[in-house]
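Some notes on the structure that comes next.
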Amino acid sequence: MKKIYSFFSLFFLILLFQNCSSEFQAIDTLNSTNENSSSRTTALPPNPLEMEPPSTIVKQDQSSENLMLNQIDKNQHTEPLVLKRVTLDNVTSSSALVSWSISNLATGYIEYGLSEELNLQTVIENTFKYSSHKQPLTDLEADQVYYYRVHSEDQNGSLVSSEIKSFKTKAVKLEEMASEVVTPPSNTSANEAQTENASSSVPSEMMRLPTSIEQTVNSSSVNAQKGWPVKTDDHLPMGGVFYGNHVHGWRTANAQIGVENVRRFRAGRTGKVQAIKFNNRTLKASTVKLRCDANPSSVWCNCVKANLTGAECGYTISNSYSVGNGGTIVVQIRTDNGKGLPSETVLAQTKPFSPVKNGDNEYPRLPLIQSAFLKAGAIYHLVHKNLTPPSCPLSGLTVAQAKRCPKNEGATGLNGIGHYNSPSTTGRFGPYSGDEADANFYKTKVGGTWQQSKKVLSFYEIQYDDGEWRGDAYHAYDSSISDGWKPVAGSHIVRQIFTVERANRKVNGLWLNFGLSPSADGSPLLVSLKDSRGVVVANGKINASSMCLKMKDKYCRDWGYTNLNKNIELKKGLSYSVELSASSQAGFIVSTYVPMLGQGFNAKNMWSSSKAQYSKNKGLNWVKYANRYPNDRDMALLFTIVGHPKSL
């Protein structure tokens, strides 16, 4: 009887397996994703009328991804985690090894410090594969009492933490201390020698390990970016090297989705950073419904009909609308590896963060667990690391498959500004950022290689310990359509009004980002700098872009420069305007950008008391630049400063 029962049980399991396998035989994939799709595809604009239909879906075999889909119900236990033991081993004068075990597979990390405030933290493990954990605490001070506590979280969000424990590091022996004394070279100051000695005393293999957050307290330990001017001002945006707005582009866009995303940036000032701000795209059910209503034949309606949540629907989209909702992520500040990519040296990081659980706050301020010391001019990376790598493919699933995917898993997808082409006169991202400073990178799988999102630059801000913010905080709402850009030709002229803040600026020229209509005749753009009474202070001329004339595409963008032929001091507290005009067939196009004050970004990254205006009658009457979104838009316009380079 038992043999008959076993036979039928086995037969039933085989049938069940075959049915499950057939359910996931085909996974829809689009021809292109995000950046590889049409460069004019909007990435989740707030207004559904801006949408373009996604690309045509094609079928292809993805049996390996089917296997992942069949594993999505694994480890769906509901029992709370139990901490079994915590042990401490290998205590030295500068390190210790902490081990602990728990009742189920989970991540882990350690909080520690010289007091029970536990102001330091190791990097959180990015896998749920282990129930036993070991992490080293490094760079500890000798002969000091340290406090620590371990934490673990399983895939269902169950948390467990230990009580706060303590240990004392060993004292450094006298002969060890003597061996560390270094005599400064004749051409090196004592302070510089101490810094070099401190860096060299850390083994190179330890510097590469992200298992503990690096303590960087001396600016000499970070290499300054080559070409950064010597005399800069930390109290001014961009270090006072330029004055104005360097953010440009042609419309809203997403960086390529991935399990990790990076925003590379140049620090504009020296100091300790305590918080960051950015936007990871999330997809809400209400947004899906709006898009379906705007286009009833779109893939969005498939989600609505199947009653998918936003977190589920994101798996079914495979063009530039794709979002993974971020999953659970941490954001790390890392140094540059000397090749333009993030190193493994982690200066600081945030606590775990889930964008889809953050409600309507899409641009949150995320405090760092500890501050990170940055040096002006040096290159750093904001690494957005997914702690819940997808068990489902990032995108392209059918509605039925998406419904079985974990609700809070997915890829990171940073929101920002799209760049249609690379300027011919500067690096890709303009005279301030060029090619070496700002950039976005992504990885499509754990352990994969970094790839660049060449046509997108994401928003970000970092906050220093004195409360000052720095970063890129302009949005490209409508910058590619007539409401956000204006023609400059004949009687149609534009101007940028601004009030000088913080300090006087001695300027000698200016950059402008602009486009040309396909019918442009190559005539120059005339530039007039005027004071608040309308009196001309200086004149200049920007030549038409030879690249845009050749492309004959209204979406082409280039930077042009004019020398003002003299040094002009723009005085703090006074208002000025830059007026732009051209002949009737010149065909210039000037876009404007929205300061993201409504999203909680900081005004000190932007021109305050400033706005772009438009006139159809050569300046007799001026009107606001756009009707949609905030009216106080700004052009991408940068003054060059006397004593500083024309571009970086």
**OP:** Inverting the mean 1/r over all pairs of different Cα atoms, compute the Kirkwood radius of the range 374-475 and quote it in Å.
**Re:** 16.4 Å
Original post:
Given a 1.4 Å probe, how much area per residue of the range 606-648 is accessible, in Å²?
Top reply: 48 Å²
**OP:** Could you calculate the contour length gain from Ala171 to Tyr147, that is, 0.36 nm times the residue separation minus the distance between their Cα atoms, to one decimal place in nm?
**Re:** 6.9 nm
Subject >> Where Lys385, Lys129, Lys646 fall by accessible area, highest first, once all protein chains stay in place (1.4 Å) >> reply: Lys129, Lys646, Lys385
**OP:** Could you work out how far apart the two model spin labels at Ser532 and Leu366 are, taking each label as a point 7 Å from the Cα in the direction of the beta carbon, and quote it in nm?
**Re:** 4.2 nm
Original post:
Under a 1.4 Å probe, what is the accessible area of the range 394-524 per residue, stated in Å²?
Top reply: 30 Å²
**OP:** Determine the share of the range 420-472's accessible area contributed by carbon and sulfur atoms, expressed in whole percent, with a 1.4 angstrom probe.
**Re:** 41 percent
**OP:** Compute the accessible area per residue over the range 332-388, keeping the other protein chains in place, probe 1.4 Å, unit Å².
**Re:** 34 Å²
**OP:** Over the range 485-565, with every protein chain in place, what whole percent of the accessible area is carbon and sulfur at 1.4 Å, could you tell me?
**Re:** 48 percent
Subject >> Residue order for Ser297, Ser615 - accessible surface, 1.4 angstrom probe, largest first >> reply: Ser297, Ser615
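The values are calculated or read from the model by the stated rules, or taken from the named source; none is laboratory data. In this text, all values refer to a predicted model and were calculated from it rather than measured experimentally. Note: ideal-geometry Cβ built from the backbone for every residue, glycine included; neighbour counts use all protein chains shown. The accessibility values were calculated without ligands, DNA or RNA, using every heavy atom of the protein model including side chains. Shrake-Rupley method; radii C 1.70, N 1.55, O 1.52, S 1.80 Å.
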